[in-house]
1. Restricting the range 1-33 to residues that are part of a strand (DSSP E or B) and out of contact with any helix residue (DSSP H, G or I) (no Cβ under 7 Å at 6 or more places or on another chain), which is modelled with the lowest pLDDT?
2. Only one of (1) within 16 Å of residue 1 (Cα to Cα); (2) touching a residue at least 60 places away in the same chain (Cβ under 8 Å); (3) under 15 Å from the mean Cα position of the chain (by Cα) fails for residue 13. Which number is that?
3. Within the range 77-91, identify whether any single residue is touching a helix residue (DSSP H, G or I) at 6+ places or on another chain (Cβ under 6 Å), surrounded by 15 or more Cβ atoms within 10 Å (Cβ to Cβ) and at pLDDT 95 or above, and answer yes or no.
4. Restricting the first residue to the range 87-98 and requiring it to be over 17 Å from residue 13 (Cβ atoms), which pairs with a second residue that is modelled with pLDDT of 95 or more and not in a strand (DSSP E or B) meet a Cβ separation below 8 Å and a spacing of at least six or different chains?
5. Among the residues that make up the range 72-80, is at least one of them more than 21 Å from residue 13 (Cα to Cα), touching a strand residue (DSSP E or B) at 6+ places or on another chain (Cβ under 6 Å) and not in a helix (DSSP H, G or I)?
């Protein structure tokens, strides 16, 4: 049995989210939350809320034990890209790409 939570259209580039996800993958939920709470990355705040939401889904919807949950899967996929223009010298314009992400977290119970 597994519990999922999704975070859509978060305005952080997928590369930056991936760093934090690699850090919490296969960790117990309480350890993953502690790691995100004390890590100085922009992606930690929305991911902290996402893992808490997945934990609530597991406990309330699937009657799973809160103390035996771990982050079984977590991945990020690119969302839509907002394209903006930055004025440059001599009338030129450079494109700025403001990337977004879709994040999924899956929690499972530790066997045994």
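The values are calculated or read from the model by the stated rules, or taken from the named source; none is laboratory data. Owing to the predicted nature of the structure, the values given are computational and were not obtained by experimental measurement. Cβ placement follows ideal geometry from the backbone for every residue including glycine, while neighbour counts extend to all protein chains displayed.
1. Residues of the range 1-33 part of a strand (DSSP E or B): 2-10, 28.
Remaining after also requiring out of contact with any helix residue (DSSP H, G or I) (no Cβ under 7 Å at 6 or more places or on another chain): 2, 6, 8-9, 28.
Working: 2: 93, 6: 97, 8: 98, 9: 98, 28: 96.
In this case the residue turns out to be 2.
2. Status for residue 13: all satisfied but (1).
3. Initial filter on the range 77-91 (touching a helix residue (DSSP H, G or I) at 6+ places or on another chain (Cβ under 6 Å)): 78.
Checking which are surrounded by 15 or more Cβ atoms within 10 Å (Cβ to Cβ) leaves us with none.
Looking through the range 77-91, none of the residues is touching a helix residue (DSSP H, G or I) at 6+ places or on another chain (Cβ under 6 Å), surrounded by 15 or more Cβ atoms within 10 Å (Cβ to Cβ) and at pLDDT 95 or above.
4. From residues that are over 17 Å from residue 13 (Cβ atoms), the pairs are 94/88.
5. Step one: list which residues in the range 72-80 are more than 21 Å from residue 13 (Cα to Cα), which gives 72.
Adding the requirement that they be touching a strand residue (DSSP E or B) at 6+ places or on another chain (Cβ under 6 Å) leaves 72.
Now narrow it down to the ones that are not in a helix (DSSP H, G or I): 72.
Yes, some residue in the range 72-80 is more than 21 Å from residue 13 (Cα to Cα), touching a strand residue (DSSP E or B) at 6+ places or on another chain (Cβ under 6 Å) and not in a helix (DSSP H, G or I).
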